[in-house]
Amino acid sequence: MEARRRTVSPRRKSLSGTLLVLTVATVLLSVGGCGSPSYRYVTNKKDGVFLRVPNDWNHQEMPGPALFGIDARSVSPEMLQGLMSREWVVGIDAAARFDATQLLVPDALQPKGFVQVRHLLPEEANAVSTNSLRNLVVAVDDAEADQEKAVRENPYSARLTPNFLLLADSPVRDRDGVHGVHLVYQVRTDAGLVTIDQTSLLDTAQTVLYQLVLACSSLCYAQHGQQIGDVAKSFTIEPTDRGQ
Amino acid sequence: MDHTDRTADELDPSARVATRAAAMQPGGNPAPAGGPGPSTDAAQASTASEPADLDRPRRRPLSLWDRVKFLLLLGAVFLFVVAAEVSGDPLMTWSDALRIESRKSSWVLVLLGLEVARQLHMFVGERWSAYHVFWTDRVFGRMERRMLRLNDWNRYRLSRTAKWIAGLALALFVYARLSHTSVFDALVNVPGDLWKAIPVVLQIVLLMVLVVGQFVVMFWFLSKGGVDTYFPEDITTRFADVWGQDHVVSRVQENVFYLERPEEIESRGGHVPGGILLWGPPGTGKTLLAEAVAGETGKPFVFVDPGAFSAMFVGVGILKVKSLFRKLRKLSLRYGGVIVFFDEADTLGSRGALNGGFGGGVGAGARSWLTSQSAPASRVTAAGAGGPGRLGREFGGSEPGLGCNGTSYLSAAARAEIGREQAREQFVMGGGGGGGGGFDGTLQALLTEMSGLKKPRGFLNRVVRRALGMRPKPPPKYRILVMMATNMPQSLDEALLRPGRIDRQYKVGYPSKEGRIRTFEGYLAKVQHELTPEQIDRLAVMSPEATGATIKDTVNEALVQAVKDGREVITWQDILRARVIKEYGLADDHQHIDRERHSIALHEACHAVVAYRMQRGRVIDLATIERRGGVGGFVAHVAVEDRMFMWKSEIEVQVMVSLASLVGERMFFEGDNTVGVGGDLRTATILIANYLSSAAIGDTLSSRLALVEQQMGTLSLDADRPFGEQVEAKLRELYERTEGVLSANRREVLALTHALETHKTITGEDVEAIMEGTSGPTVDGRRYHDSDFLRVAESYHSEAVREHRGQRHDLHKLPELGRAAASSHAEASRSSGAGPVSGTAGQEAAAG
C-alpha cells in the first residue's frame, strides 16, 4: 500500500502541473493572439522620446536628415553620417496609407506631421532660445504682428478672414528641465486654412531640440482636434545623456 | 511482480532498465522494434500483469521538470521581451506591450505552441497505448525501417545532403530577415546580390591573400639558407689529401663510384647505396673526407650546415627539409645524381625515448649498433700506474660482451640471453642519450624524404592524369647519396640508420701510423725544422690518438716554443715540449718543498722502473713531478702495439706498476708510506677485482661479474672464500713480486729520482737512457752508472729518511750529477731509436 501511495502521488502532481502550465500557455497565446493594441507607440529610447498615436494612424522613420539651409552638394559622406546621427525624424500620417511625400502638405484631410529629435550643432545651440522655438515652423510672432496690424487697418474683414490666429500658446516645463512651448495656430495658405499643433522643446542644456508638429486643414482639425490634442499631450521627453 | 515494477518506477533510469530487462526475458515478447519508446514502457504498466504490459506499451512518463522546462523557458523569454517593451517607456501599458510583442516576437509563441503540442503528444502517449504504438511503430518506426534499407554510404550521403539543405535554408532565412524581404524574394535575389557582392568578396579575398601571403613569404625566406651547392670544379680537395684513413676512403670511393656509374649495379638488379654515415672522434677528417668526395665526384655536392634546420618557428625545419629535397631531386634529375652532406648530423636530433620499444631508446639503438661495430682494440689496454685521468676509458676491457671470438660458438638461445642483458644495459645507458631537437617534425620529415621518394609527384601527374583515367607516372629514379658526419653517433635516431636510409656506417677513427707520419711531414714541411725521419716516426708512435687537427696544433706549438727561444728552426726538444704542453697541459707553477720533492720523485721513479722493466708493448712517454691540477706527478705511457686482448700476465704487470709506488715508499722510507698511493691502490684493486671476477686471473673460474648481473648466487662464491680475501691475496702476491723488482733495481730507482728532482720532467727517452746508461735528449744517463753514484745517492736518500724521521731539518743540497746538454747529445738520442714500435692503440697517463 505504501508503495502504491508513493507511486501515485507524483503522477498526480505531474498531471496538475502539466495542466497548470498548459492553461497558462493557452491564456498567453489567446491574449497575445487576439485583439490589437489600443495605441501605436512612437518610441526613441536612445533619446528618451515617447509618443502615442491612435491605433489607425501610421508612422514611419524618415531616412536622411532634414538638410534645411544646407547645400546638399557640399555635404561629404562623413558629414552626412554625422548629421544623420544627430537627427531622428518619424513621419506621422493618419491616412490609411503612409505617404512620406504628403507629410508637409498644408491642406491635408487627415492629420499629418512629424516628431523630431535634433542634437544641435554648437552654433545652433548658441543661437536657439525658448523664444525662437515659437518661430521654428512658422514665424508666429511676425504673423501675429501682421494680423494685429491688419486688424488695426481693417478691423472687420481682418477679423472675419484672419490670416493668422493663435489658438493656444502655453509654455511647457516638464520634468528634468525640459522646457519650451506648445502652440496651436491657424494659418491661411493658398490652399486654405491650416491648423498646426506645434510642440517645441529643449533640454536643460539647450543642446537637444524635441519637436512634434501635427497639421491638417482647419476642417480636419475640427474633426480630429481631440485626437491631435491627445497625441500632443502624450509627447513625453525623458532626456538621456546622449545629447550632453 | 506488481510491487517490484512500481518500486522500479521510482528508481533511477538505469535501475529501471535493468528491471525491465529482467522482466522482459521470460516473456519472450519484446516491444515493437519501432524505436526506443515502446521498449521503455514495459515497466510502466503498474496495474496490468506482465504479458498485458508488453502487449500495450506506453511512453515512459516524463518528470514534471522535463514537461515544463521548455515551456518555462519560452514563457520566460516572452515575458522578458514584453517587459523590455514596457521598460523605459512611460506611455506603454502592459496589455499593449503584450499585444505588440505577440506580433513582433510571434516566433516565441509559435515555439511555445509547438512545445505545448509536443507535450500533449507525449502526455497522450503515456496514457493511450494505441496512440503511442501508432506513432512509434507506424509513423517513426516505418520511416526508420525505410531508412535502414539504405546502405550506410547512402544514408551518410542523405544525411549530408539534408544538413546542407538545412544549413542553406537557415542562411536564406537569416538573409531574408536581414534584407527585410520574404524568404522567396531573398532566394530569387541571391544570385543578383551575390554578383553585386563580388567586389566586396574580392576585397576580402585580397585581404586574406595579403595576410596569408605575408606568412608564405616569411616562411619562404626562413626556409632558405643553410644549404650550399658545390660543383666539382669548386672544390680542390681530393681523396689523396685524406691521410691515414685509407680504408674509409676506399669504402667511400666505392659508394661514389656506384653513384657515378649506377648502371654497374642497377643493371644487375641492385640499387645505388642511399647513405653513408661517417662517425668518429672529432678532428679525424670526416668533413675533409666529405670535401674530398665533393672534389672527386662529377656530381653536384650539396652541403647542409649543422644549424640549417634550427629555426625560430615550428614547421620551418620541415619546410627546409622539403625545400632541400626538392632541390636535390632537381639536381639529381639534371646531373644524374647528387650528394648531400649533413655535417654534425647529431644536430638533427633524435626522438629519444619516444622511439621506445624493447631495448629501445634511440641512443640505445644507435649505440647498440655502434657498439657491435667498434673494435674494442683501443679499450683493452689496461691502466698504467695509477692514473686518475683516463682510467674510465681503459676499463672497457671489463665489459661483459667482449668475447674473444664473438658469441658465434654459442647456441641461439644463449646468444639471445646475452643480447637481452646487453640491451637492458644499453637501454639504461642510452635512455638519456637522445639528443634534443627533432620534436618539431624536422627529423620525421627528413626520414620521410629519405625513404619516401617513390610517390608519384606533381599536380598534373597525380590529379589531371587520374581525372583522365590514366595511371600516374611512376617517379623517375632519383639518385641521391646522403652523407652524414658526426662525432656523437649515439645521438642519431635509430630510424635514420636503417638500411634504405643510411646504408653504410663507417668509423673514421684515429689515423694510422703512416697517416700520422704523413700528416706530421705535411705540417712540418711548412716550417723550418731539423727533425730526422726517425724522429718523425717516433713522434707518430708517441701520438697514437693524434688527428690532423692535433698534429697541426702540436707543430704550431713547437714553432711557438722555438720562437720563444729566439730560433726559427724547430728542434726535437721543441716538439717534445710542445707535446707535453698539448698532451698533459701546462704544469702549475708550484715548487715542492725539498723533502716532499724527494718522496714524490721516488714515488714516480718506482712506477717508472717497474714499468720499464716489466711492460711489453708499451713505452714510457713522460715522467714528471710537476704538479698539474690536483696531480702531484705522473708517469705516462704510450701503447705501441695495436692489440685487442690483454693477457693475464699483462694485467698483473699493470697492477705491479700501480703498486710500485706503495712498495717503493715502504722500501725506501722504512715501512712508511704517503696517502698519495691511494689512487694507485684504487686502480690496482679495481683491476684485480674486475679481472678476477671476469677473466679468471685468480684461483676461481666463475665469472662473478655475470653472477652479480644475473642477481644470483653471489654467496656461492663467497661461501668458499670471501671475494675480498681473494682480491687481497692476489694483490699481496703482486706486491711481493713488485718488491723483488724494485730491490733488484735500487740504483735505477735512485737514479730516476735524482733525474726527476733535477729536471722535474723527463721524457721516455731519458728514462730509457738512465736505465740503460746511455745519453738521452735531456739527461745523460751514463753518469748514473758511474761507480760513485750509488754512494752519493744513498747518502742523500739516507739524509732524507733521517729528516723524515724528524732527526734533521735541513736536507743536503741535491748532488750535481748527470747533467747533459740536450743539444750536445741530440745525435746520440736519435741513434738510440724508438724502441719497439708498430701500430698504436692507446695512451695513458698515470699519476702518483
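The values are calculated or read from the model by the stated rules, or taken from the named source; none is laboratory data. Since the structure is predicted, the reported quantities are computational estimates derived from the model, not experimental observations. Positions of Cβ are generated from backbone atoms using ideal geometry, with glycine treated the same way; all protein chains shown enter the neighbour counts.
Remarks
- Candidate set: segment B:93-118, residues that are within 16 Å of B:D66 (Cα to Cα) and facing another protein chain (nearest Cβ under 7 Å); chosen: the one surrounded by the fewest Cβ atoms within 10 Å (Cβ to Cβ): B:V116
- Residue match in segment B:545-560 (condition: among the aliphatic types (A, V, I, L, M), in a loop (DSSP other than H, G, I, E, B) and surrounded by 22 or more Cβ atoms within 10 Å (Cβ to Cβ)): yes
- Yes/no for B:G125 being under 30 Å from B:V77 (Cα atoms), in contact (Cβ under 8 Å) with a residue 40 or more places away in the chain and among the small types (G, A, S): yes
- Filtering A:V213, A:V187, A:V194, A:V231 for residues that are in contact with a strand residue (DSSP E or B) (Cβ under 8 Å, 6 or more places away or on another chain) and either outside the structural domain of A:L120 (by TED's automatic domain parsing) or under 23 Å from A:L121 (Cα atoms) (or both) leaves a single hit, A:V213.
- Residues that are out of contact with any Ser or Thr (no Cβ under 8 Å at 6 or more places or on another chain) and crowded, with 17+ Cβ neighbours inside 10 Å number at least 2 in the following helices (runs of 4 or more DSSP H) confined to segment A:135-244: A:140-153, A:218-234.
- Residue within segment B:580-588 that is over 25 Å from B:L814 (Cα atoms) and either touching a Phe, Trp or Tyr at 6+ places or on another chain (Cβ under 9 Å) or crowded, with 24+ Cβ neighbours inside 10 Å (or both) present: yes
- In segment B:55-92, the residues that are facing chain A (nearest Cβ under 9 Å), touching a residue at least 12 places away in the same chain (Cβ under 8 Å) and outside any helix (DSSP H, G or I): B:P61, B:L62
- Counting only helices (runs of 4 or more DSSP H) that sit wholly inside segment B:115-222, those with at least 1 residues that are touching a Phe, Trp or Tyr at 6+ places or on another chain (Cβ under 6 Å) and either of a type outside the set (D, E, K, R) or within 30 Å of B:V314 (Cβ to Cβ) (or both) are B:183-222.
- One residue alone among B:A751, B:A744 is crowded, with 23+ Cβ neighbours inside 10 Å and either closer than 13 Å to B:C606 by Cβ or assigned by TED's automatic domain parsing to the domain that holds B:V619 (or both), and that residue is B:A751.
- Checked across segment B:123-140, the condition of being surrounded by 14 or more Cβ atoms within 10 Å (Cβ to Cβ), facing chain A (nearest Cβ under 9 Å) and closer than 30 Å to A:V53 by Cα holds for no residue.
- Unique match (being assigned to a helix (DSSP H, G or I), among the charged types (D, E, K, R) and within 21 Å of B:M771 (Cα to Cα)) among B:E748, B:E725: B:E748
- Verdict on B:D574 being touching a strand residue (DSSP E or B) at 6+ places or on another chain (Cβ under 9 Å), part of a helix (DSSP H, G or I) and of a type outside the set (S, T, Y): yes
- Test: A:A215 is more than 14 Å from chain B (Cβ to nearest Cβ), within 16 Å of A:P111 (Cα to Cα) and within 16 Å of the chain's Cα centre (by Cα): yes
- Residue count, segment B:468-503 (criterion: surrounded by 20 or more Cβ atoms within 10 Å (Cβ to Cβ) and assigned to a loop (DSSP other than H, G, I, E, B)): 4
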